[in-house]
Amino acid sequence: MLDALSLNIGRIHGGVKINVVPVSCDAELDYRMPPGFTAAQVHDLFRQALQEAGLEDVHSEVWMTAEPSYTSPDAEIVRLTQANAEAVTGSCPRLQMAYGGTDCRFFRYRGVSAAIYGPRVYNMGAPNEMITVDDFFTVLKVHAGTILEYLGAGDS
């Protein structure tokens with residue numbers, strides 16, 4: 001997944017009644033881009049695919065975008081997060097890239113490395129999505145320890 005685009009057609013809406021041919025149809029597409037792609041490139045690829053399919057008259061617009069961002073696994077914040085997670089839980093978390101959009105991008109866009117560490121999510125994106133209270137407090141402890149060490153407060 002990290003070297004190719006991902007696409008979800010999340011919403012399709014058209015017509016006014018079931019027995020009337022629609023004049024138009026709207027579809028909302030959610031692309032997830034790995035590092036190395038830009039939103040402009042993805043939109044160009046989409047327009048090219050429409051043209052190749054003979055659908056030049058289809059109108060498309062980008063109404064929200066988040067450029068891919070990346071933090072090296074060797075970054076200090078990653079190492080500290082991993083060490084604090086191991087100290088709190090007793091096991092070292094496996095490093096992996098997150099393919100969806102996270103708030104870490106706002107730090108990375110400003111040149112600040114960021115790491116993601118969160119609770120296990122049950123039923124993600126589905127009804128009754130939830131986390132456990134124990135996982136919530138575990139994450140709080142890991143984040144607190146990481147913040148203190150990253151800012152140098154844990155050195156005393």
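Would you give the gap between the C-alpha center of segment 47-84 and the C-alpha center of segment 96-156, rounded to a whole Å?
Segment 47-84 and segment 96-156 have Cα centres spaced 20 Å from each other.
For the chain, what is the convex hull volume of its Cα atoms per residue in Å³? Present the calculation step by step, with values, prior to reporting the outcome.
Details: hull volume 24.7 nm³, N = 156.
Per-residue hull volume (Cα only) is 158 Å³.
Taking K and R as +1 and D and E as -1, what net charge do the other residues with C-beta under 12 Å from the C-beta of THR65 add up to?
On the way: positive: ARG32, ARG105; negative: ASP30, GLU61, GLU67.
Net charge around THR65: -1.
To the nearest 20 debye, what is the magnitude of the charge dipole of the chain about its Cα centre, counting +1 on the Cβ of each Lys and Arg and -1 on the Cβ of each Asp and Glu?
Taking the Cα centre of the chain as origin, the dipole is about 240 debye.
Using θ = phi - 60° and the Karplus curve 6.51 cos²θ - 1.76 cosθ + 1.60, what whole-Hz ³J(HN,Hα) does each residue of segment 48-53 get, with Gly and Pro shown as x?
5, 5, 4, 4, 5, 8
With n ≥ 4 as the cut-off for DSSP H runs, can you work out [θ] at 222 nm for the chain, using -39500 (n - 2.57) per run divided by the number of residues, rounded to the nearest 500? Please list the in-between numbers first.
Working: 4 runs with 51 residues, N = 156.
After summing the helix terms and dividing by the residues of the chain, the value is -10500 deg cm²/dmol.
If I compute solvent accessible area with a 1.4 Å probe over the protein chains, what percent of it on segment 3-50 is carbon and sulfur?
Numbers: 2040 of 3590 Å².
Percent of accessible area from carbon and sulfur atoms in segment 3-50: 57.
Could you state the accessible area per residue of the chain in Å², with a 1.4 Å probe and every protein chain left in place?
Values: 11690 Å² over 156 residues.
Per-residue value: 75 Å².
Quote the FRET efficiency, to the nearest 0.05, computed for ALA39 versus ALA4 with a Förster distance R0 of 22 Å and r equal to the Cβ-Cβ distance. Could you put the intermediate results ahead of the total?
Numbers: r = 16 Å, r/R0 = 0.72.
With a Förster radius of 22 Å, E is 0.90.
Once the other residues with Cβ under 13 Å from the Cβ of ALA87 are scored (Lys, Arg +1; Asp, Glu -1), what is the net sum?
Details: positive: ARG79, LYS141; negative: GLU86, GLU149.
Counting the neighbours of ALA87, the net charge comes to 0.
The values are calculated or read from the model by the stated rules, or taken from the named source; none is laboratory data. Nothing here was measured: the structure is a model prediction, and the numbers come from that model. So basically every Cβ, Gly included, is an ideal-geometry build from the backbone, and we count neighbours across all protein chains shown. The accessibility values were calculated without ligands, DNA or RNA, using every heavy atom of the protein model including side chains. Shrake-Rupley method; radii C 1.70, N 1.55, O 1.52, S 1.80 Å.
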